[in-house]
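What follows is calculated from the coordinates using simple rules that are stated; it is not laboratory data. A quick note: this is a predicted structure, and the numbers were derived from the prediction, not measured. As a convention, Cβ positions derive from the backbone with ideal geometry for all residues, glycine included, and neighbour counts pool all protein chains shown.
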Amino acid sequence: MSKIALITGATAGIGEACAHVFAREGYSLILTGRRLDRLEKLAGQLNNKYNIEVAVSSFDVRNREQVIENLESLPTKWKKVNILVNNAGLSQGLEPIQKGGYDDWETMIDTNIKGLLYVSRVVSNWMIDNGYGHIINLGSIAGKEVYANGNVYCATKHAVDALNKGMRIDLLPHGIKVSAIHPGAVETEFSEVRFKGDKERAKKVYEGFEPLSAADVAETIWFIASRPAHVNINDMVLMPTAQATAGNIFRK
Ligand code: NDP
Ligand code: 8X3
């Protein structure tokens with residue numbers, strides 16, 4: 001079997017774009033997300049186009065039992081994972097702290113921090129057994145800076161930044177690489193999810209400037225994944241040219 005990449009949140013946006021790039025590069029893929037119909041459709045497309053093996057596993061990263069059961073029940077050959085792209089994540093709401101939605105906070109913390117931890121716990125043990133592996137975490141510019149009303153989302157991505165550093169230290173003796181990429185604005189379903197299906201409001205986020213595309217991020221993740229064995233990119237911030245900081249976008 002060829003090298004294997006496991007991509008969480010492959011049903012949309014950056015995860016889906018990563019699936020295309022790693023398929024193009026000849027990887028076998030494990031694709032995860034909650035929307036099984038999208039996973040199956042994507043698996044069929046990639047299998048037809050690139051003649052690669054694709055396994056799909058549908059679970060909610062917030063549910064620890066589901067994560068463990070679904071991943072551990074994969075056939076042994078699929079546990080030889082070379083690359084884990086810890087991508088599943090989301091933002092919910094954009095409110096000042098005193099008005100934040102309790103459920104929104106729980107969803108972001110459970111998905112972006114605890115979900116990433118559950119998946120990493122399972123897959124890092126496979127990698128230790130295999131004696132190789134590379135974990136690439138999706139942080140965000142929101143994990144490097146804080147912007148108005150971004151409070152809890154920013155906190156979850158700051159947590160990813162810290163976990164990325166911690167994992168790298170803990171997995172160092174096992175020869176496992178750990179990297180993070182921190183993008184600025186990327187036009188995906190992210191803002192539609194943040195604004196709970198309000199497409200008009202979501203569209204406005206990307207008006208007047210050229211944001212990153214999901215493909216821009218996926219190609220950079222491939223760059224990180226394809227460095228020689230003795231080279232690791234610890235941390236990378238990737239911004240649209242029109243965006244200087246999280247809160248500073250030049251719009252025409
Ligand atoms: P999308 O909304 O387009 O994709 C998010 C993906 O995460 C989907 O595949 C979704 O799958 C999955 N996901 C969300 N919640 C869960 C869950 N509970 N269980 C399993 N999968 C889940 O957004 P992006 O592609 O933009 O976001 C991908 C990552 O990149 C996120 O971590 C985000 O924080 C980060 N990021 C995004 C930026 C942006 O501007 N877009 C910038 C910086 C970082 P499903 O709904 O099918 O479960
Ligand atoms: C997504 C980018 O700036 O909306 O992580 O937080 S931002």
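Things to note:
- P(r) of region 119-252 over all Cα-Cα pairs, binned every 5 Å from zero, in whole percent: 2, 10, 17, 20, 19, 13, 9, 6, 3, 1, 0
- Rough spin-label spacing in nm, given labels placed 7 Å along Cα→Cβ, for Asp60 and Phe250: 4.4 nm
- Residue separation of Gln45 and Asp129 scaled by 0.36 nm, minus their Cα-Cα distance, works out to 27.1 nm of gained length.
- Label-to-label distance for Thr241 and Ala148 is 2.8 nm, based on points extended 7 Å past Cα in the beta-carbon direction.
- Residue-span extension gain [Ile97 to Ala162] - 0.36 nm each, minus C-alpha spacing: 21.2 nm
- Selection of GluC sites (Glu not before Pro), region 196-230, meeting DSSP coil and at most 16 other Cβ within 10 Å: Glu207
- Across every direction, the projection of the convex hull enclosing the Cα atoms of region 95-178 has a mean area of 5.4 nm².
- Pairs exceeding 22 Å between alpha-carbon atoms, taken from Lys3/Lys157; Lys99/Lys196; Lys144/Lys165; Lys165/Lys203; Lys3/Lys49; Lys49/Lys196: Lys3/Lys157; Lys165/Lys203; Lys49/Lys196.
- Region 15-67 - Rg over Rh from alpha carbon coordinates, Kirkwood radius: 1.00
- For region 12-166, a crude dipole built from +1 on the beta carbon of Lys and Arg and -1 on the beta carbon of Asp and Glu, taken about the Cα centre, is about 340 debye to the nearest 20.
- Distance histogram for region 33-106 (every C-alpha pair counted, 10 angstrom bins, percent rounded to whole numbers): 15, 36, 29, 14, 6, 0
- Per residue convex hull volume, Cα atoms of region 4-249, in Å³: 120 Å³
- The residue among Cys154, Thr245, Tyr206 whose Cα reaches farthest toward the positive pole of the charge dipole of the chain, with charges on the beta-carbon of Lys, Arg, Asp and Glu, is Thr245.
- Helix axis angle, 116-130 relative to the chain longest principal axis, alpha carbon, degrees: 20 degrees
- Rg ratio for region 143-199: its Cα radius of gyration over 2.2 N^0.38 Å, N being its residue count, equals 1.44.
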